[in-house]
Structures are given as C-alpha cells and as structure tokens.
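The values are calculated or read from the model by the stated rules, or taken from the named source; none is laboratory data. Model, not experiment: these values are computed from the prediction. Neighbour counts are summed over all protein chains in view; Cβ atoms, including those assigned to glycine, are modelled from backbone coordinates with ideal geometry. Calculation scope for accessible area: heavy atoms of the full protein, side chains included, ligands and nucleic acids excluded. Shrake-Rupley method; radii C 1.70, N 1.55, O 1.52, S 1.80 Å.
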Amino acid sequence: KFYPWARKFFFFFNKMTLLCAANQISKSSTQIRKCIDWATNQKKWPTLWRRRPFQFWYLYPTKEVATIEFQKKWLTEFMPRGEFEHDKIYGWKVEYRAREIFAVHFNSGVTVYFKAYSQDVQHLQTGTCDAIFCDEELPEDLYDELNLRTAATDGYFHMVFTATLGQQFWADAIEGKGFVEKFPDALKLQVSMFDCLKYEDGSPSHWTAERIQKIVNSCRSQNE
C-alpha cells in the first residue's frame, strides 16, 4: 500500500523531486517502483518526454550497496516476475560486471544503468539521461554533472535521502526560504515516521506511536 506522501512522490511529474525522510519508511522502495513504472509504462511516455526514453541512471553511494539493494530489494519485491519477466514490454535482463550490478535492460527499450557516488566524477560524464534517480544524500559536488546529463532530454531528477552529511546545499533546497532557497519549482517532501501511521486508505500501518517512541528512546542524541 501507498502512504499518502508516497502516492504523491510516485505520481507527480515535477522535473525535480526531493524526498527527505526518515529511515526504513519505504522511501527507497517508492522510488524503485517509480523507476520501474517509468521504464515500462509506455502510456506515460508522451506526457513525460518529447520522444521515447532510452536511458535512466540509478545512483547509490557505492556499487556494493547498489548490488545488495538490487539483489535483496529490486529482484525480490519489485521487478516484473512470472510471465511478465519475458513480456515484450515488461520483460528484462540483468547485466553484471565484475560481479556488481551494471544495468537492467527492459524489453520496452529503456535501460537502467547503476552508478555510484564513490565513482570518479569522470565516470558520471558522457551520458544522455531521460531520468536520474539518487538513493541517499548526493554529495553536492556531483550535482552539476548529473544535472547536465538530463539537459538534452529535458529529463527528470529524483533524490530520496535521510539528511546525514550536513550539506548546506541540500538544506537550502529542502528548507530554504526566499533568496537562499534552491530549486523553488521542485516537488519537496519532508516525511517522518509519524507521517506513516496510516496508509492512504486509512488503514493502520505497522508503524505505531508506541513503536516509534521505542526508536526515539533508543537514539543516542536528540539530533538522531
């Protein structure tokens, strides 16, 4: 089920979407679902792009993290399965290099390439992307290079993250007002565990006030 905020993230078409959220509340899962949907849902393509899309980038902090997330989350929970694994649109093949996830090639014609923040910035050049998805807080010095990857396609930039690096750049993007605000046209969502007590249909989720309070009590400091 979707939380109310998750539906907004999934269905809105802003050129930039930033989700700053607590850990373990499905922010990564929501973005994975959106990436797969955009790669295969051809009915949405005329609304999103002037031409058919071909290339997405999905970035994690390291390739090791990307490989683990793909094997333990993408494959087990979200990739098309059963008869759809070989469908002419929803079908897909995985490409590994040096035992690390490299790409998913969908039969729709879209390829999702997996990149890492830890890569040298030179390895984030020379790509023309229809959409970019970042999981966890992007080092700000990488943003300009990634942003240029979508210039030719008038593409999309997404990032879901828990603010842990203390970067003023992203603080100004999420919470800045007036002249210090970055990206005023972006869809910006700030989500806590308390925003996840109920699903959008009103049914209770596995997050309860009591469970959240236990997590609060286990934190090392008020900042945490």
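Quick notes on this one:
- Close amide H contacts of LYS115 (hydrogens built in the peptide plane, cut-off under 5 Å, sequence separation of 5 or more or a different chain): TYR58, LEU59, TYR60.
- Pairs of alpha carbons in the stretch 167-224 whose separation is greater than 17 Å (percent): 59
- Tail weight of P(r) past 18 Å, computed on alpha-carbon pairs of the stretch 93-155, percent: 41
- VAL65 versus PHE13: modelled label distance in nm, points set 7 Å from Cα along the beta carbon direction: 3.1
- Three principal axis extents of the stretch 124-208 based on alpha-carbon atoms, in descending order, are 46, 28, 23 Å.
- Dividing the alpha-carbon radius of gyration of the chain by the rule-of-thumb value 2.2 N^0.38 Å gives 1.03.
- Amide H contacts of PHE2 (H built 1.01 Å from N, in plane; Pro and chain starts excluded): GLU200 sit under 5 Å, all sequence-distant by 5 or more or on other chains.
- Only helices enter this figure: runs of n ≥ 4 DSSP H residues, each worth -39500 (n - 2.57), summed and divided by the residues of the chain, yield -7000 deg cm²/dmol at 222 nm to the nearest 500.
- Structural descriptor for the stretch 134-197: relative contact order 28 percent, calculated from alpha carbon pairs under 8 angstrom and at least 6 residues apart.
- Listed values for the stretch 150-160 are Karplus-derived 3J(HN,Hα) couplings in whole Hz (6.51 cos²θ - 1.76 cosθ + 1.60, θ = phi - 60°), namely 9, 5, 5, 9, 6, x, 10, 10, 10, 8, 10, and x replaces Gly and Pro.
- Residues with amide H under 5 Å from that of PHE157, placed H, sequence gap 5 or more: MET16, THR17, ILE132
- Solvent-accessible surface (1.4 Å probe) assigned to TYR3 amounts to roughly 10 Å².
- Whole-percent pair-distance distribution, where bins are 10 Å wide, for the alpha carbons of the stretch 53-130: 18, 50, 28, 4
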